[in-house]
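Working notes, structure below.
The values are calculated or read from the model by the stated rules, or taken from the named source; none is laboratory data. Nothing here was measured: the structure is a model prediction, and the numbers come from that model. Positions of Cβ are generated from backbone atoms using ideal geometry, with glycine treated the same way; all protein chains shown enter the neighbour counts. Note: areas computed on protein heavy atoms with side chains; ligands, DNA, RNA excluded. Shrake-Rupley method; radii C 1.70, N 1.55, O 1.52, S 1.80 Å.
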Amino acid sequence: MSRIVHVNGEWLPEAEAKVSVFDRGFLMADAVYEVTSVLDGRLVDFAGHLARLRRSLAALDLPSPAGDDALLALHREAVARNALDEGMVYCQVTRGAPAERDFLWPGPEVPPGLVLFTQEKPGLALGAQARAGIAVATVPDLRWGRRDIKTVQLLYPSWAKMIAKGQGADDAWMVEEGLVTEGSSNNAWIVAGGRIVTRGLGEDILAGITRATVLRCAAEAQLAVEERPFTVEEAQGAEEAFVTSATTFVLPVVRIDGRPVGSGAPGPVARRLREL
Ligand code: PDD
């Protein structure tokens, strides 16, 4: 089924939607984005995604294309126009399309670009993959230094995932100075000594909205949590490992670089957090 997508103020069938070749998002990855999951036709954790979009825009002095209420309305309209039940809404803001390619942005006379589209993900809640768990392969983290800003500079993370696939894994975990930073598009967690461990926030990882929700759920369930970095070796020797993101929720990791984690099957903590 052809989607209806939003491009710079217009709703169009996806085949008719166009962005300029001079758009700085296309030429320079001068753009930020958000992915909000949709369950039962409703946006999940939208307030968190909106707040992070605002932080990303502010960090890069990127002009805002619309106010909070308008952005919420656009997200809801994308869901409604596409009768989306289970899946996600992608929202991207770029620094617009000046008349010429130039590293320097001419200024606010160039309006920001805004694109929204939906993607169906049947079985998102059910999580067939969550029942089996995934394998990850580790790669060096070669991204830039402001990974807390959700930019569309996704060359390295997507390449890392392809490298992992080539090694028979499902996804990549990125490693810096011997410590796991995060997954290609998710936050990385382990369960070690009965405690849930995930790297603390900083400029070196994205502050996952699902991460925040899982931390809240863990606190409510009185599960012990430590925010600190961990090594690949510690993860391989942990009781459990898992990743979190808007499009996976809590997804168990059962192999790291070919070595089984715990029993080599999804564990009870990941299962419980996913249920919560
Ligand atoms: N990615 N870390 C990175 C590098 C990410 O790209 C993402 C999300 C996360 C998890 O954030 P959240 O829980 O807010 O989804 C962590 C999205 C899903 C994507 O790029 O498709």
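Here is a yes/no grid of residues against (1) open to solvent by 10 Å² or more (accessible area, probe 1.4 Å); (2) over 21 Å from R228 (Cβ atoms):
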{"residue": "W144", "(1), (2)": "yes, yes"}
{"residue": "K150", "(1), (2)": "yes, yes"}
{"residue": "I163", "(1), (2)": "yes, yes"}
{"residue": "A172", "(1), (2)": "no, yes"}
{"residue": "S185", "(1), (2)": "yes, yes"}
{"residue": "A192", "(1), (2)": "yes, no"}
{"residue": "R195", "(1), (2)": "yes, no"}
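Does any residue of segment 199-212 turn out to be away from the ligand (no atom under 15 Å from the Cβ) and either open to solvent by 50 Å² or more (accessible area, probe 1.4 Å) or small (G, A, S) (or both)?
Taking segment 199-212 first, the residues away from the ligand (no atom under 15 Å from the Cβ) are none.
The answer is no; no qualifying residue exists.
For segment 209-230, how many residues meet the condition of being of a type in the set (S, T, N, Q) and either assigned to a loop (DSSP other than H, G, I, E, B) or under 11 Å from V197 (Cα atoms) (or both)?
1
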(message) I'm told V19 meets every condition in (1) over 25 Å from T248 (Cβ atoms); (2) open to solvent by less than 60 Å² (accessible area, probe 1.4 Å); (3) assigned to a loop (DSSP other than H, G, I, E, B) except one. Can you identify the failing condition by its number?
(response) (2)
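In segment 214-257, which residues are over 23 Å from the mean Cα position of the chain (by Cα) and closer than 20 Å to D141 by Cβ?
Taking segment 214-257 and keeping what is over 23 Å from the mean Cα position of the chain (by Cα), we get 220-224, 233-234, 236-239.
Residues satisfying the conditions are E233, E234, Q236, A238.
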(request) Kindly provide the set of residues from segment 239-256 that are part of a strand (DSSP E or B), away from the ligand (no atom under 14 Å from the Cβ) and surrounded by fewer than 22 Cβ atoms within 10 Å (Cβ to Cβ), ordered by number. (result) R255
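Being touching a strand residue (DSSP E or B) at 6+ places or on another chain (Cβ under 8 Å) and in a helix (DSSP H, G or I) is the filter here, so list the residues in segment 73-117 that pass it. Let's see the steps before the verdict.
Taking segment 73-117 and keeping what is touching a strand residue (DSSP E or B) at 6+ places or on another chain (Cβ under 8 Å), we get 74-79, 81-82, 84-97, 112-117.
Listed by number, the residues that qualify are L74, H75, R76, E77, A78, V79, R81.
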